[in-house]
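Read-outs: derived from the displayed coordinates by stated rules, not from any lab. Note that the coordinates shown come from a computational prediction; the quantities given were computed from them, not determined experimentally. As a convention, Cβ positions derive from the backbone with ideal geometry for all residues, glycine included, and neighbour counts pool all protein chains shown.
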Amino acid sequence: MARMVNCVLLGQEAEGLDYVPYPGELGKRIYEQVSKDAWQRWVSHQTMLINEYRLTPIEPKARKFLEDEMHKFFFAEGSEKPEGFVAPE
């Protein structure tokens, strides 16, 4: 039986993640409150941010930016798309 969580992003009960996806307190909070579907939405959003801002995830400044955006995406006002972003068709 799948582990269920009350997903903060979807606002409903959904299947939870199988493992803590990120280190530290943020990772624990995500594990407890974010569904698999919501996590996949974040992964897609994060990929867009990396590509649009031409981030190098190995750089500490880029990692900090992505961590802040992850927190906003799930637990605050939401992570915005870059100004002028047009989704591919």
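Find the relative contact order for the chain and round it to a whole percent, using C-alpha pairs within less than 8 Å whose residues are 6+ positions apart. 22 percent.
Tell me the chymotrypsin sites (Phe, Trp or Tyr not before Pro) within region 21-89 that lie in a loop according to DSSP and have at most 11 other beta-carbon atoms within 10 Å.
Filter output for region 21-89: F85.
Listed by chain and number, the aspartates and glutamates placed with their C-alpha closer than 19 angstrom to that of K28 are E13, E15, D18, D37, E67, D68, E69; residues fewer than eight positions away on the same chain are left out.
Here L10, L17 are placed in order of increasing Cβ neighbour count within 10 Å, fewest first, which gives L10, L17. Could you give the angle, 0 to 90 degrees to the nearest 10, between helix 36-52's Cα long axis and the longest principal axis of the Cα atoms of the chain? Here the helix axis deviates by roughly 10 degrees.
Once the Cα atoms are used to define both axes, helix 60-75 deviates from the longest principal axis of the chain by about 50 degrees.
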